[in-house]
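Student: This is the structure, below, for whatever I ask next.
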């Protein structure tokens, strides 16, 4: 995968330029990459099934201070138009989680959640009612939280920064989370469904933070593809019930 005629600076520019989530990388990581002297890229894993492909790459960089840094790249074609998409992560666990969130197939292919053109309106209505019931159902009892002290204030900043909804947590919440020193992420809901005749996915995550004064607070992140063009969208809310109401609205249940 390495091009012997490509400089490290050019490779980094190309890598960051094509990644959909490059803005989500920590500022400290970008600053360290400015001093990269050499690089090596290798295939880490690959999965192909019918028209679906998912590949991860490991990009290692030697920095001017003698240390090294690794970026993990996820490449897949799960967009509705089948176009290839690139995502970057700083940890292997993050790229594994991102890969696990990808849909199992495409509308119109076996094993996918695509639309059946012969489905009766009553069937669609029943499916929508089932989705509504799932969205409003009480979540299962959560497992005990195991807080991890790992740049938690920066993690909170990145969660808030990638939110696309205007009614999310405000500056007061952002200021409070600057005192976060540990966090725990839990997936509390996940569902593939039909929205206006198109396959869409909904996932709800709780980002729980432990603050310096010993108190706890959470951000509720909704990830979904119930968008006109099927693209991935992220919304963040201060309370679980608000996040679930937002999912209900996005599902457009008739």
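Student: For the range 160-185, list residues with backbone N below 18 Å from a point placed 7 Å from the Cα of residue 28 toward its Cβ?
Tutor: Taking a point 7 Å out along Cα→Cβ of residue 28, the residues of the range 160-185 whose backbone N falls under 18 Å are 160-161, 177-184.
Student: Please work out how much length the chain gains when fully extended from residue 35 to residue 227, using 0.36 nm per residue of separation minus the C-alpha to C-alpha distance, in nm with one decimal. Could the numbers behind the result be given before it?
Tutor: Working: separation 192, 0.36 × 192 = 69.12 nm, distance 3.89 nm.
So the extension gain works out to 65.2 nm.
Student: Based on the mean of other beta carbon atoms within 10 Å per residue, what is the order of 77-84, 214-221, most packed first? Write out the running numbers ahead of the final one.
Tutor: On the way: 77-84: 13.5, 214-221: 16.9.
Output ranking for 77-84, 214-221: 214-221, 77-84.
Student: Efficiency by 1/(1 + (r/R0)^6): what FRET value for residue 216 and residue 10, r their Cβ-Cβ distance, R0 = 35 Å, to the nearest 0.05?
Tutor: For R0 = 35 Å, the calculated efficiency reads 0.20.
FYI, it's all coordinate maths here, none of it is from the lab. Please read all numbers here as calculations on a predicted model, not as lab measurements. For neighbour counting, all protein chains shown are included, and Cβ atoms are generated from backbone atoms with ideal geometry for every residue, glycine included.
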